[in-house]
Each structure stands twice: as structure tokens, then as C-alpha cells.
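These notes concern the structure reproduced below.
Values in this text are rule-based calculations from the coordinates and carry no lab data. This one's a predicted model, so the numbers in the text were calculated from it and none came from an experiment. Please note: Cβ atoms are built from the backbone with ideal geometry, for glycine as well, and neighbour counts cover all protein chains shown.
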Amino acid sequence: MKINELKICYKVRSHSELSADEQALLKAATEAATRAYAPYSHFRVGAAVCLANGEMISGCNQENAAFPSGLCAERVTVFYANAKCPDVAVDTLLITVIDEKGDYRCEPIPPCGACRQVLVETESRQKAPMRVLLVGKDDVYEFASASDLLPLVFSGNELL
Ligand code: THU
């Protein structure tokens, strides 16, 4: 038997280390989180992307009484970006969560598995890495590529 080990590296930064562009992205994601439709979980997630053409798009989670019919903030945002600008790469995706007072949650919240799967396929579609920033109250986790969040991904290459 052999054991394979996987290693994931990401940066832990602080809010004060965010560039002006990153701060603008955080503002857009935070504002989007206030518009979340989350009457069931009350978990308000905001996401914002910066596209290769400089355009910024934001979104938030959308829930539904038939639970699986809702969608996470990350997929709402990235699917909309790809629907609007199918040929423009998503350079950076920023994700944050706010509480009922509008404050950031303590720990950065990582995207769910289904979102990770979509993010990785978006990267392979655009043939360029998508940087992912997860923003908590103090820390900002930075992943150089969405694929860092999903090792051993099902890429779909097996289907082609
Ligand atoms: N949610 C997101 O928007 N993003 C994630 O990555 C995790 C979960 C949403 C889905 C649902 O509306 C609520 O958070 C609770 O799961």
C-alpha cells in the first residue's frame, strides 16, 4: 500500500492588507449579502467577482421553500458573470458572510462542495486561474486558484 498526501497552500491576510480593488470587491460582496434571500437559514452570503475586463458583478444566496431549488451566492454570481460575459475570465472571486447585525462572521466561510465543482469548471473553461478570497471578521484567506479548494476534482474529461 502507498499513501498519497495532498497539500494545499493559501495565504492568511488581514483586512488592512487588501488593495483598493479588493476593498471595492469586498464592499460589493458585503452589500450583496444584505440583499440575500435567506428566510430559512438566515445565513447571508455575498459574493463578488472581478472580471478580466475590470467589470465587477456581485450576488447573494437565493433560497426556496423547496430547499434544493435555492442557490448559493457563489454560483448565482459566477453563473451570472458567465451568462453576461461568456468570453471574459473571472480573475477573482470574493466571498463573505454577514450576521443579523451586518457584521462579518468570525471565520472566513469556505464555499460548499457543489460551488467548488462549478468554480473549478469555470477555471478550466476560461483556461485561467480564478483567485478566491474568503473574508472573515479579521482574516482573509487567499487561494491562488479555485482548484486549490478541490483536489482530485471530477473534471469531466472522462465524459469527452
Ligand atoms: N450558502 C452559500 O450561499 N454559499 C456556500 O458556499 C454555502 C452555503 C448558502 C446556501 C443557503 O442559502 C445558506 O447558505 C445555508 O446553507
Per residue of the range 45-56, in order, report the coupling 6.51 cos²θ - 1.76 cosθ + 1.60 (Karplus, θ = phi - 60°) as ³J(HN,Hα) in whole Hz, putting x for Gly and Pro. 10, x, 9, 8, 10, 10, 8, 5, 8, x, 5, 10
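Indicate, rounded to the nearest 5 percent, the antiparallel portion of the DSSP beta bridges found entirely in the chain. Don't skip to the end; give the middle numbers.
Values: 23 of 29 bridges.
For the chain, the DSSP antiparallel bridge percentage is about 80.
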Residue 128 versus residue 112: modelled label distance in nm, points set 7 Å from Cα along the beta carbon direction: 2.9 nm
Can you list the aspartates and glutamates whose alpha carbon is less than 17 Å from that of residue 7, not counting same-chain residues fewer than 8 positions off? 142, 148
Enumerate the amide H contacts of residue 92 below 5 Å, restricted to partners 5 or more residues apart or on another chain; note that Pro and chain-start residues carry no placed amide H. 50, 131
Between residue 105 and residue 66, the FRET efficiency computed from the C-beta separation at R0 = 35 Å comes out, to the nearest 0.05, as 0.85
I'd like the Kirkwood hydrodynamic radius of the chain, using the inverse of the mean 1/r over distinct C-alpha pairs, in Å. 16.1 Å
In sequence order, calculated HN-Hα J values of the range 16-26 (Karplus, 6.51, -1.76, 1.60; Hz; x Gly/Pro): 5, 8, 6, 6, 4, 5, 5, 5, 5, 5, 5
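Just want to confirm a number: the relative contact order over the chain, from Cα pairs under 8 angstrom separated by 6+ residues, in percent.
On the way: 316 pairs, mean separation 36.4, N = 160.
That works out to 23 percent.
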Work out how much length residue 121 to residue 53 would gain on full extension: take 0.36 nm times their residue separation and subtract the Cα-Cα distance, in nm to one decimal. 22.5 nm
Would you calculate a helix-derived [θ] at 222 nm for the chain, using -39,500 (n - 2.57) for each DSSP H run of n ≥ 4 and dividing by the full residue count, to the nearest 500? -8000 deg cm²/dmol
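How many lysine pairs in the range 27-153, separated by 8 or more positions in sequence or lying on different chains, have Cα atoms less than 29 Å apart? Display every interim value, and only then the final one.
On the way: 27/84; 27/101; 27/127; 27/137; 84/127; 101/137.
For the range 27-153, qualifying lysine pairs total 6.
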What residues of the range 65-89 lie in the reach of a label at residue 37, counting those whose backbone N is under 18 Å from a point 7 Å from the Cα along Cα→Cβ? 65-81
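Compute, for the range 27-153, the length of the dipole vector about the Cα centre, with Cβ point charges of +1 (Lys, Arg) and -1 (Asp, Glu) only. Units Debye, rounded to 20.
Details: 12 positive and 16 negative charges, 52 e Å.
Charge dipole of the range 27-153: 240 debye, to the nearest 20.
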Sort 92, 34 so the one with the fewest other Cβ atoms within 10 Å of its own Cβ comes first. 34, 92
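Compute the signed sum of charges (Lys and Arg +1, Asp and Glu -1) over the other residues within less than 14 Å, Cβ to Cβ, of residue 51.
Numbers: positive: 84, 125, 131; negative: 21, 55, 87, 91, 123.
Value of the local net charge: -2.
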